[in-house]
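Presented below is the structure to which this report refers.
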Amino acid sequence: MSQQERVQEELEALEAILMDDISITYNAKGCAELVKSVIFPSTANEVDKQYVCVTLEVELPQDYPDCKPVTRLKSPRGLDESTVDHLYKEIANKCEEYIGHAVIYELIELIRQNLTESNLPTCQCAVCLYGFSEGDSFTKTQCFHYFHNYCLAKHVTVNEKNFLEEQDKLPAWKRSTVGFQATCPVCREPISCDGTKLKTSLPPKELQDAQKFEVTQELKMLQQKMQQLFNYQKSKGGIIDIEAEENKLLLITNSEDNNSEDPGPSLSSSNPPVEQQPLHNGLQNRNHNQRHYSKYSNR
Ligand SMILES: [Zn+2]
Ligand SMILES: [Zn+2]
């Protein structure tokens, strides 16, 4: 059997087993280039018990399966970096072991098994930055982001309050007709949540056990160092008037900009050192961020 026929056979088998859970991209010559699959833990189809997921991308070089494919893990949800690193190591071993043989299904099963074993978020809550301990009540959003109920309640309450205040300032004809929509604090996807249930949740365990914040000698020294840096930037013309700066940023409304992937002048070696043009650089970088910001906020 030719190498291409072997690949075709592997992909047909994958499609038969995984059906809609797999997508295959072909190049102009009709050869399969990329295989993608979103992998969830096995929970006997109980979707609300799936706390983690990850997308596996397998790029097939021309000589696959006689050489290793290129693998990537994308959009890990509920997984911290060390878990993802561990997965990469296991994937590399599996690919090594299977040179000359169909490996994609093996990879999917390997990842699924790992996800099933660690089917509890190992990541942090993006609001309080503490982890999830046993007994903490937490929410998995539809976009697979995790928050302690206590933290999500705070986020939603503040957002709703801001929304209502903004609405109050508008003339009646400009006010929203759909009302407040809670959004995910990480990706801003609309989320549905039970406000009253969230509000009665206790603070996360790690937050309750955390040491009381104190200004230590070390922090005082850091503060002094930052003060010096601030004064230095100020003397070089850096932006320090936050209010004026914010007003400027509001003027930028163009979200589709070809330069949005431009890393900014400070990263390019052909530009003069940063300190010779602090104002220019500062503005460029802030504008750069703002473009991304408005891109997301428009969703
Ligand atoms: Zn939290
Ligand atoms: Zn989200």
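Just so it is clear, none of the values below were taken in a lab; they were calculated from the coordinates. Please read these numbers as outputs of a predicted model, since none were measured by experiment. So basically every Cβ, Gly included, is an ideal-geometry build from the backbone, and we count neighbours across all protein chains shown.
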Quiz item: Rule-of-thumb check for the stretch 3-117: C-alpha Rg over 2.2 N^0.38 Å?
Solution: 1.06
Quiz prompt | Pair Leu120, Gln224: separation of 7 Å Cα→Cβ label points (nm) | solution = 4.5
Self-check item: Relative contact order for the stretch 3-117, counting Cα pairs under 8 Å that sit 6 or more residues apart, in percent
Solution: 24
Practice problem: Subtract the Cα-Cα distance of Glu166 and Asp63 from 0.36 nm times their separation in residues, and report this length gain in nm to one decimal. | Solution: 31.2 nm
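Grab the beta carbon distance between Leu18 and Thr157, set R0 = 41 Å, and tell me the FRET efficiency rounded to 0.05. Mind dumping the intermediate values first?
On the way: r = 42 Å, r/R0 = 1.01.
Computed FRET efficiency for Leu18 and Thr157 comes out at 0.50.
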Quiz prompt | Gained length - Gln4 relative to Leu202, 0.36 nm times residue gap less alpha-carbon distance | solution = 65.5 nm
Self-check item: Cα centroid separation - the stretch 95-120 against the stretch 181-231, whole Å
Solution: 37
Quiz item: Too long at a 19 Å Cα-Cα cut-off: which of Lys68/Lys89; Lys49/Lys140; Lys140/Lys197; Lys169/Lys197; Lys154/Lys205; Lys36/Lys74?
Solution: Lys169/Lys197
